[in-house]
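Trainee: Right, I'll just put the structure down here and ask away after.
The values are calculated or read from the model by the stated rules, or taken from the named source; none is laboratory data. Remember, predicted model here, so these are calculated numbers, not experimental data. Reconstructed Cβ throughout: ideal geometry from the backbone, glycine too, with neighbour counts over all protein chains shown. Only protein heavy atoms, including side chains, enter the accessible area calculation; ligands, DNA and RNA are left aside. Shrake-Rupley method; radii C 1.70, N 1.55, O 1.52, S 1.80 Å.
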Amino acid sequence: MDTPLWTPYDGMAEAFARHAEDSPYNAHYDRPAVLAALGDVAGRDVLDAGCGPGLYARALLDAGARVTAFDASGPMVALARERVGERARVDRAVLGQPLPYPDVAFDAAVCALAVHHVDDRPAAFAELHRVLRPGGALVVSTTHPSADWLRLGGSYFDRVLETETWGEWTGRRQVRFWREPLSALCAAATGAGFVIDLLEEPRPAASMGQRYPEENAKLEREPGFLLLRLRRLPAPLGGLPGGR
């Protein structure tokens with residue numbers, strides 16, 4: 001693509017960070033579901049891929065993880081570094097391109113609401129598989145493919161680069177993302193060597209019902225996001241180091 005899909009986040013990084021801190025879909029829907037699916041991270045090396053302003057990284061640190069994070073957006077990296085301070089390493093790197101980490105460096109990883117902004121999703125999954133240790137889990141969240149299709153129209157089975165205008169809190173910015181069927185997303189993950197350990201259509205956290213009752217009622221009727229927990233298989237006996 002001529003302009004990277006993550007570019008709009010450069011101009012709305014601070015507004016996004018303020019919004020995501022307590023927004024219904026970020027703070028009371030996606031973040032609780034992703035962290036719950038990852039499970040106990042105390043004492044583990046965890047990668048936050050596409051970390052945005054560092055909200056997941058902070059939560060992982062507070063849960064006892066050793067965290068490394070990266071994002072493609074320079075302003076988002078700056079915000080994440082400010083949020084986590086010296087507690088974590090935060091790099092500027094692009095999901096879908098080679099990552100600046102050695103093989104089998106992490107016990108687990110999260111990639112929250114970022115993979116649909118990546119042009120080459122198979123390459124993104126391949127790199128995340130490479131840096132995970134055998135047996136390690138990657139939790140990925142994304143917009144629900146059927147929700148996108150019902151909202152935007154067209155054929156469910158097409159891969160389409162969509163453009164939406166986000167609300168006033170962003171300054172009315174246009175955001176682009178890939179819409180694709182669930183089978184294509186799963187194939188990109190399994191083609192990279194992952195097995196699907198969990199496929200979840202999350203329900204809102206109890207806190208959403210208290211803070212945002214209208215959004216809570218909607219998400220109790222229809223899905224908004226989709227969550228996959230992917231696992232790198234342990235190395236076979238006699239296999240190569242790192243299970244490759």
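Trainee: Report the antiparallel proportion of the DSSP beta bridges in the chain as a percent, rounded to a multiple of 5.
Mentor: If we restrict to bridges inside the chain, about 50 percent are antiparallel.
Trainee: If you place +1 on the Cβ of every Lys and Arg and -1 on the Cβ of every Asp and Glu, how big does the dipole about the Cα centre of the stretch 1-141 come out, in debye to the nearest 20?
Mentor: 300
Trainee: While we're looking at this one, here's another question. With a probe of 1.4 Å, find how much accessible area the stretch 32-106 has per residue, and write the answer as a whole number in Å².
Mentor: On a per-residue basis, the stretch 32-106 sits at 39 Å².
Trainee: Could you give log10 I(q)/I(0) at q = 0.14, 0.24 Å⁻¹ for the stretch 150-213, computed by the Debye formula over C-alpha point scatterers of equal weight, without solvent?
Mentor: Debye intensities relative to I(0), on a log10 scale: -0.73, -1.02.
Trainee: Moving on to the next point. What relative contact order, as a whole-number percentage, does the chain give when Cα pairs under 8 Å and 6 or more residues apart are counted?
Mentor: Normalised by residue count, the contact order of the chain is 20 percent.
Trainee: May I ask you to give the solvent-accessible area per residue for the stretch 111-184, in square angstrom, as obtained with a 1.4 angstrom probe?
Mentor: The answer is 43 Å² per residue.
Trainee: Counting Lys +1, Arg +1, Asp -1, Glu -1, what net charge surrounds residue 82 among other residues with beta carbon under 12 Å of its beta carbon?
Mentor: +2
Trainee: Label the stretch 27-112 by shape, choosing from rounded, prolate and oblate, from the square roots a ≥ b ≥ c of the eigenvalues of the Cα gyration tensor; if a/c is under 1.5 it is rounded, and otherwise prolate applies when a/b is larger than b/c, oblate when it is not.
Mentor: Here the stretch 27-112 falls in the rounded category.
Trainee: Which residue fluctuates the most in the chain, going by a Gaussian network model with Cα springs under 10 Å, if the choices are 89, 179, 229?
Mentor: Taking springs between Cα atoms under 10 Å, the residue moving most is 89.
Trainee: Whole-Hz ³J(HN,Hα) for each residue in the stretch 55-60, computed from phi via Karplus 6.51 cos²θ - 1.76 cosθ + 1.60 with θ = phi - 60°, x for glycine and proline: what do you get?
Mentor: Once θ is set to phi - 60°, the couplings for the stretch 55-60 become 5, 6, 4, 4, 5, 5 Hz.
Trainee: Compute and list, largest first, the equivalent-ellipsoid semi-axes of the chain from the alpha carbon gyration tensor, each √(5λ) rounded to a whole angstrom.
Mentor: Gyration-tensor ellipsoid for the chain: 26, 21, 19 Å.
Trainee: What is the sum of charges, Lys and Arg at +1 and Asp and Glu at -1, for the other residues whose Cβ falls under 9 Å from the Cβ of residue 112?
Mentor: Local net charge: -1.
Trainee: Can you tell which of 57, 106, 147 lies farthest toward the positive end of the dipole of the chain, using +1 and -1 charges on the Cβ of basic and acidic side chains (Lys, Arg; Asp, Glu)?
Mentor: Of the options given, the answer is 106.
Trainee: Under a point-charge model restricted to the Cβ atoms of Lys and Arg (+1) and Asp and Glu (-1), what is the dipole moment magnitude of the chain relative to its Cα centre, in debye to the nearest 20?
Mentor: That gives the chain a dipole magnitude of about 440 debye.
Trainee: Follow-up question, since we're still on this one. Running a GNM on the chain with Cα contacts under 10 Å, which residue among 142, 190, 165 ends up with the highest mean-square fluctuation?
Mentor: It is 165.
Trainee: Same structure, new question: For the stretch 135-203, with only Lys/Arg (+1) and Asp/Glu (-1) charged at the beta-carbon, what is the dipole magnitude about the Cα centre, in debye rounded to 20?
Mentor: Value, rounded to 20: 220 debye.
Trainee: Within the accessible area of the chain, what % is carbon and sulfur when the probe is 1.4 Å and the other protein chains stay in place?
Mentor: 52
Trainee: Using +1 at the Cβ of each Lys and Arg and -1 at the Cβ of each Asp and Glu in the chain, identify which of 187, 117, 79 lies farthest towards the dipole's positive end.
Mentor: 187
Trainee: Using amide H atoms built in the peptide plane, which far-off residues or other-chain residues are under 5 Å from residue 69 H to H?
Mentor: Residues meeting the amide H criterion: 48, 89, 90, 91.
Trainee: Could you pull out every residue, at least 5 positions away or on a different chain, whose amide H is within less than 5 Å of the one on residue 138? Hs are placed 1.01 Å off N in the peptide plane, and Pro or chain starts have none.
Mentor: Amide H to amide H, under 5 Å and 5 or more residues apart or across chains, residue 138 pairs with 109, 230, 231, 232.
Trainee: Explain nothing, just compute: Karplus ³J(HN,Hα) = 6.51 cos²θ - 1.76 cosθ + 1.60, θ = phi - 60°, for every residue of the stretch 79-88 in order, whole Hz, x for Gly and Pro.
Mentor: 5, 5, 4, 5, 6, 9, x, 7, 6, 8
Trainee: Moving on to the next point. When the helices in the chain are scored as -39500 (n - 2.57) per DSSP H run of 4 or longer and the sum is shared across all residues, what 222 nm value do you end up with, to the nearest 500 deg cm²/dmol?
Mentor: Mean residue ellipticity at 222 nm (helix-derived): -9500 deg cm²/dmol.
Trainee: Between residue 150 and residue 197, what length comes free when the chain is fully extended (0.36 nm per residue of separation minus the Cα-Cα distance, one decimal in nm)?
Mentor: That works out to 14.2 nm of additional length.
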